[in-house]
1. Using a Förster distance of 25 Å, how high is the FRET efficiency between A68 and V120, based on the Cβ-Cβ distance and rounded to 0.05?
2. Residue by residue through the range 72-83, which ³J(HN,Hα) values in whole Hz follow from phi under the Karplus form 6.51 cos²θ - 1.76 cosθ + 1.60 (θ = phi - 60°), with glycine and proline marked x?
3. Any chance you could run the full-extension gain for D23 through L147? It's 0.36 nm times the residue separation minus the Cα-Cα distance, nm to one decimal.
4. Can you pull the percent of Cα pairs in the range 1-79 with separation above 18 Å?
5. With each pseudo-label sitting 7 Å past Cα toward Cβ, what's the D135-R37 distance in nm, one decimal?
Amino acid sequence: MTSGGVWLGIDPGAVRIGVAVSDPGASIAVPVETVKRGKHDVARICTIAQEKAAVGIFVGLPRSMSGAEGQAAGVARSFAEQVARTCPIPVRLLDERLTTVSAARGLRESGRSSRSSRAVIDQAAATVLLQAALDQMAASGSVVGELVPA
């Protein structure tokens, strides 16, 4: 598998799931949608992936600053496994330390209040996660992240 093509970035939160997409050249990430957590969240993500003709999906894996995985990482792994079983494209976990912090800072610096940013913070975090993956792939020449078995 090459790193080119459209990729999705997913930031799975407890209430909402941020979704971002790359351009076909896999060089820039942009926000797409915030999906509400619930019965049809994985199906919606698979639909977005199909509509965008995505070649793969990155799901954020929240780790502590030490790199340890806690309860939130277990929830993200379980979610990524559901996506991998449902969507017919590869799903990869990617360390997401500080993506939400970085996204919130960027929104704040653009003049958005934290209250007005709530609706887009998950999309922004997914965009930061996906851009990090795209940058790592461009630098290494290979696909990054931990492949989730289907």
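1. Details: r = 29 Å, r/R0 = 1.17.
Once rounded, the FRET efficiency stands at 0.30.
2. 4, 5, x, 5, 5, 4, 4, 4, 4, 5, 4, 5
3. Values: separation 124, 0.36 × 124 = 44.64 nm, distance 2.15 nm.
Separation in residues times 0.36 nm, less the Cα-Cα distance, equals 42.5 nm.
4. On the way: 1340 of 3081 pairs.
Everything past 18 Å amounts to 43 percent.
5. Using points 7 Å along Cα→Cβ, the separation is 2.8 nm.
Any read-out appearing in this document is the output of simple, stated calculations on the displayed coordinates, not a laboratory observation. In this text the structure is predicted, and so the values were computed from the model without any measurement. In this analysis, Cβ positions are derived from the backbone assuming ideal geometry, glycine residues included, and neighbour counts consider all displayed protein chains.
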